[in-house]
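Notes for the one structure printed next.
The values are calculated or read from the model by the stated rules, or taken from the named source; none is laboratory data. Predicted model only: the values in this text are computed from it and were never measured. All Cβ positions, even for glycine, are placed from backbone atoms using ideal geometry, and neighbour counts span all protein chains on display. What goes into the accessible areas is simple: the full protein's heavy atoms, side chains included, and nothing from ligands, DNA or RNA. Shrake-Rupley method; radii C 1.70, N 1.55, O 1.52, S 1.80 Å.
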Amino acid sequence: MKPKGTGKTANNPTTAFIFDKNQSDFSEFSSNFQILKYRIPWMKGNKEAQHALMHNWAKGNISSPYYLHSPKKELYILLPNDSVNTLINCEGTPLFAEKLKPWNVYSDILIKLVLAEYFSKSPSFISSEKFFLFAKAEKGQKYALVYCIRLAKKRSENFSDEFIVQGFATRFKKVTLEEYLTYYSRKQVPYGIEFHRNKQVFLRQLKVSEISQHKGGIFLHLPPKWEKSSMSFHSVDSLNKFNLSRGALLQSFIDSFISHLKAHGISASQRKAKLIQVSSSYQTATINLKGFKVGLIDARFNPSFPLNEMVTLPENLIKNVSLVPKTLDRFEKDLPLLFAMDYGKNAFEEGGILAGKSDPYFTLKSNPDFSKIPTQGLKIEDLDRRQNGNQFESKTFKNLKRNIEISVNQLALKAAILGFNFETSRLPHVELLKEKVYVQKEWAFYLKNGKLVIQQTQSRAKLVQLLTEISNISHPEMLLNDIYENENPFKLEFDSEFFAPKNPTIFHRGQCIQIIETQEKVLYEENIIKERLAKREAKIPKAKFLSSKNDHVSLQMNQFIKNFFPQEFLSYEEILSAIGKNLPETILKRNNDTYLRKYLKDCCGIDLMGKREGGIFGIFQGIWFEEENQQYFVGRQQGRKPTQENTFQLRKIHQLRGEFSPDQFFPLLMVDFIRHNEWTVLPYPFRLIQMKMELKEQAIKNNIYEHEK
């Protein structure tokens with residue numbers, strides 16, 4: 001069923017491409033390459049180490065692109081047609097090779113072989129399922145920010161297969177050859193820089209025989225503490241920042257790899273998602289906080305100003321919420337508590353600024369007598385007064401008010417979860433929660449007699465009973481079997497006691513849907529954006545920016561450009577950057593992008609587009625739904641900034657039983673108390689399940705800590 005729409009549609013590329021075996025003639029591929037398949041004998045060692053043993057053997061004996069299917073102990077090698085290949089196993093026996101035609105090879109194996117060949121510029125190549133695109137050097141050339149690329153097959157329909165290009169940003173450390181040989185040679189895999197066929201730089205795994213040749217430096221993918229890194233999903237700040245974004249790197253790779261496939265006679269095309277924007281008529285909902293009282297405890301060690309001057313409620317909460325001042329030794333047990341703190345959780349550890357002192361927040365939470373009281377910490381940094389001494393510095397104070405609003409919402413949710421003087425009716429869209437059971441892992445959320453319940457299901461029998469009583473599900477045993485088979489397609493043995501779905505699952509009468517994270521992301525039209533930014537930053541003769549007209553504006557602009565820019569070549573962005581503070585606003589009316597572009601078009605014949613012109617970023621805001629594949633993603637509520645950090649992650653609504661009802665689903669995303677002033681990516685009951693799990697884990701941790709002390 002289609003949701004209510006705003007009338008806005010989009011047809012955007014995604015990070016998936018379609019391989020159509022039926023439309024592929026493999027002409028160039030067959031004339032240049034042969035595929036050999038080997039059966040690898042079982043190697044000595046335990047079962048868990050088999051893949052590592054096989055891979056180490058393969059990379060030591062093979063320099064051609066290969067794919068290792070370790071579960072089946074099969075090895076596929078891609079060789080030039082005129083090559084002869086003889087493989088010797090670890091016992092010195094030649095391995096038998098079976099020659100395969102490309103159309104007889106499983107599509108995922110074939111495409112991954114071509115991917116390895118795509119990167120195999122060096123004659124001493126080591127295949128892998130991950131390839132690392134170099135983005136930039138960091139911290140004085142000591143680190144390399146890279147983007148890891150890998151392919152995952154999505155699904156198979158007839159002769160078409162979809163592959164998702166997955167990726168993540170990570171960091172490699174650069175060491176000298178001497179450092180590597182001294183400290184890392186036995187534990188870390190060495191990588192070296194190499195230029196790819198499409199001018200893309202990537203990091204290639206090195207063989208032992210090559211290491212001594214890389215005297216300029218060895219790159220290592222060290223443990224997590226070293227590899228933490230960030231890379232924006234998208235940026236229009238500048239062409240350089242755009243090229244270093246995940247969206248641009250993914251699009252560049254997809255374009256290049258699809259061209260490579262086509263050159264081999266393999267039919268491939270980037271997938272586009274036909275999207276409709278979900279109607280905002282569902283309206284953003286919030287928690288009813290009318291009459292909600294919160295105990296405010298000053299737990300600061302170094303208070304700089306009175307707490308009542310600093311902690312004030314935002315305007316949207318003033319009429320509904322009351323902050324009641326309390327102290328650590330005197331407070332009622334019937335109020336949720338907000339702790340104002342000037343320290344972090346590590347301050348009391350050895351070497352911390354408060355080492356040796358007790359953490360009042362932790363002490364209270366560890367006391368079993370207070371385990372049922374909702375508590376929330378509020379970190380308060382030192383605030384600076386303005387010069388007049390009457391107001392706090394506006395930006396810092398604004399951030400504090402934002403954090404107060406978040407903390408109050410968190411306390412309200414904890415009160416609802418713990419059943420602490422908080423009526424379920426205060427939650428939004430309660431009518432949509434009735435007769436539904438929301439299940440994630442072994443936890444269930446539902447309403448019983450009008451009250452919220454979040455509990456562990458503990459067994460298959462209890463979940464079956466719950467589904468029957470609350471959601472009136474018919475044949476729940478069969479439905480759980482279907483869920484298990486859907487989530488575990490490669491399991492050889494069936495689990496008859498299965499009761500904990502991996503994916504968020506909603507049960508409602510004759511309906512059951514699962515929400516599956518696909519790893520597929522929606523992109524902008526990256527190539528159009530890149531072309532637009534390149535034109536704005538292209539340096540052209542300064543004379544082209546001079547108008548031949550004699551009107552007042554043209555004469556003034558000509559004089560400004562001649563006097564302010566001594567260089568002979570100039571870009572539009574340089575002029576735009578300069579006019580802000582150096583050109584009187586009376587000339588162009590406003591010194592901004594719109595007015596400058598209009599002037600250049602009318603007076604100089606230079607026609608440039610705005611960075612966001614033409615609705616090119618239309619999918620940034622709102623919730624978007626792809627009806628054909630029953631997928632959606634959640635954009636932003638607010639306007640966009642030049643740099644976008646997060647991706648548009650597609651989630652699939654998998655119908656196991658009944659029909660998907662958008663009116664029962666999308667309103668539960670349009671709430672603003674899970675993510676501050678933004679919608680949530682899953683129906684909000686799943687966030688409450690997660691909070692309940694976190695509260696239980698924290699309680700267990702606190703009890704263990706107290707017992708050990």
Summing Lys, Arg as +1 and Asp, Glu as -1, what charge do residues with Cβ under 14 Å from the Cβ of D334 carry, D334 excluded? +3
If each residue of separation counts as 0.36 nm, what is the full-extension length gain between F305 and N56 once their alpha-carbon separation is subtracted? 83.3 nm
Gain on full stretching of the segment that runs from K73 to K462 - 0.36 nm per residue minus C-alpha separation: 135.9 nm
Pairs of alpha-carbon atoms within less than 8 angstrom and 6+ residues apart define the contacts here; what relative contact order does region 457-502 have, in percent? 44 percent
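FRET efficiency for D255 and K130, Cβ-Cβ distance as r, R0 = 22 Å, nearest 0.05?
0.65
What do you reckon, how do C512, C604 stack up by accessible area (1.4 Å probe), largest on top?
Ranking C512, C604 by accessible area, largest first, yields C604, C512.
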Out of region 443-503, which chymotrypsin sites (Phe, Trp or Tyr not before Pro) are coil in DSSP terms and have no more than 14 other C-beta atoms within 10 Å? F490, F494
Cα gyration tensor category, rounded, prolate or oblate, for region 292-378 with a/c compared to 1.5: oblate
Given H placed 1.01 Å from N in the peptide plane, which residues other than close sequence neighbours of Y343 have an amide H under 5 Å from its amide H? I380
In sequence order, calculated HN-Hα J values of region 131-138 (Karplus, 6.51, -1.76, 1.60; Hz; x Gly/Pro): 10, 10, 7, 6, 9, 6, 7, 10
Dmax and Rg, reported as Rg then Dmax, of region 181-301 (C-alpha, Å): 24.9, 73
Considering only DSSP beta bridges where both residues belong to the chain, give the percentage that are antiparallel (nearest 5). 85 percent
How much accessible surface does H55 have with a 1.4 Å probe, in Å² rounded to 10? 40 Å²
Spin-label point model (7 Å from Cα, Cβ direction): what's the I528 to N367 distance in nm? 6.2 nm
Inter-probe distance in nm under a simple model that places probes 7 Å from Cα toward Cβ, at D663 and S63: 6.8 nm
If each K or R counts +1 and each D or E counts -1, the residues other than K530 whose Cβ falls under 13 Å of its Cβ total 0
In order over region 669-678: 3J(HN,Hα) from phi, Karplus 6.51/-1.76/1.60, θ = phi - 60°, whole Hz, x for each Gly or Pro, gives 8, 8, 10, 10, 10, 8, 10, 4, 6, 9
Surpassing 26 Å at the alpha-carbon level, of the pairs K333/K701; K112/K641; K4/K611, are K112/K641; K4/K611
Assuming R0 = 45 Å, what is the FRET efficiency of N563 and F168, from their Cβ-Cβ distance, to the nearest 0.05? 0.35
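Over the chain, calculate the relative contact order: mean separation of alpha carbon pairs under 8 Å at least 6 apart, over the residue count, as a percent.
The value is 14 percent.
Once you list every other residue whose beta carbon is under 10 Å from the beta carbon of L75, what net charge do they have if Lys and Arg are +1 and Asp and Glu are -1?
+3
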Along its principal axes, what span do the Cα atoms of region 438-514 show, with the longest given first and each in whole Å? 42, 22, 20
In the set (1) 28.9, 112; (2) 30.5, 88; (3) 31.1, 103, which value of Rg and Dmax of the Cα atoms in Å was calculated from the structure you see? (2)
For the residue pair V84 and E98, what label-to-label distance in nm results when each label sits 7 Å from Cα along the Cα-to-beta-carbon direction? 2.4 nm
Under the Karplus relation with 6.51, -1.76 and 1.60 and θ = phi - 60°, whole-Hz ³J(HN,Hα) for region 207-220, x at Gly and Pro, equal 7, 4, 5, 8, 4, 5, 7, 9, 6, x, x, 10, 9, 10
Amide H partners (placed H, <5 Å) of W443, local residues excluded: T457
Considering the dipole of region 67-200 built from charges on the beta carbon (Lys and Arg +1, Asp and Glu -1) around the Cα centre, which of S122, S70, Q200 is farthest to its positive end? Q200
